[in-house]
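Q: The structure under discussion is supplied below as structure tokens; questions concerning it will follow.
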Amino acid sequence: MTSVCAKCRVPVTARTTAAARAVAIQPPSEEHAGYEIFFEPAVSGWRYRGKDDAASQLSYRSAFLARKAVDGLANGDAPAAPAKKSKRK
């Protein structure tokens, strides 16, 4: 399937368009309570890291949930595990 790019009128395939969208649309990282919250495309989720720390092993479905986990760290709580996806039958 081929279509035309609305901006440059160059023919593109659906596969190329999806790949270009995945690279082009990446949310900016943000700072929250001394941690960087950023989107990790490899896991399609949000992670956090301290200034000199490695990225968290857990990933979250939204920046809000990642901020909530960071708030839990500030309170001395263990980081909350991300919500698991339910399998509907």
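Q: Relative contact order for region 30-77: what is it in percent, counting Cα pairs under 8 Å that are at least 6 residues apart? Show your work: numbers first, answer last.
A: Values: 64 pairs, mean separation 15.4, N = 48.
Relative CO of region 30-77 lands at 32 percent.
Q: As an exercise, use a Förster radius of 22 Å and the Cβ-Cβ distance of Ala74 and Arg49 to find the FRET efficiency, rounded to the nearest 0.05.
A: Numbers: r = 15 Å, r/R0 = 0.66.
The computed FRET efficiency comes out at 0.90.
Q: If you don't mind, another one. Extension gain Ser62-Glu40, at 0.36 nm per residue separation less the Cα-Cα distance, in nm? Don't skip to the answer; put the middle values down first.
A: Working: separation 22, 0.36 × 22 = 7.92 nm, distance 1.11 nm.
In short, 6.8 nm is gained.
Q: Could you compute the net charge surrounding Tyr48? Neighbours are other residues with a C-beta less than 11 Å from the C-beta of Tyr48; K and R count +1, D and E count -1. Spell out each step's value before the answer.
A: Working: positive: Arg47, Arg49, Arg67, Lys68; negative: Glu30, Glu31, Glu36, Glu40, Asp53, Asp71.
Neighbour charge sum, excluding Tyr48 itself: -2.
Q: Rg (Å, one decimal) plus Dmax (Å, integer) for the alpha carbons of region 30-77?
A: 9.7, 29
Bear in mind that the values in this text are calculations on the coordinates, not laboratory data. Note that the structure is a prediction, hence the values are computed from the model and not measured. Here the Cβ is made from the backbone with ideal geometry for all residues, glycine too, and neighbour counts use every protein chain on show.
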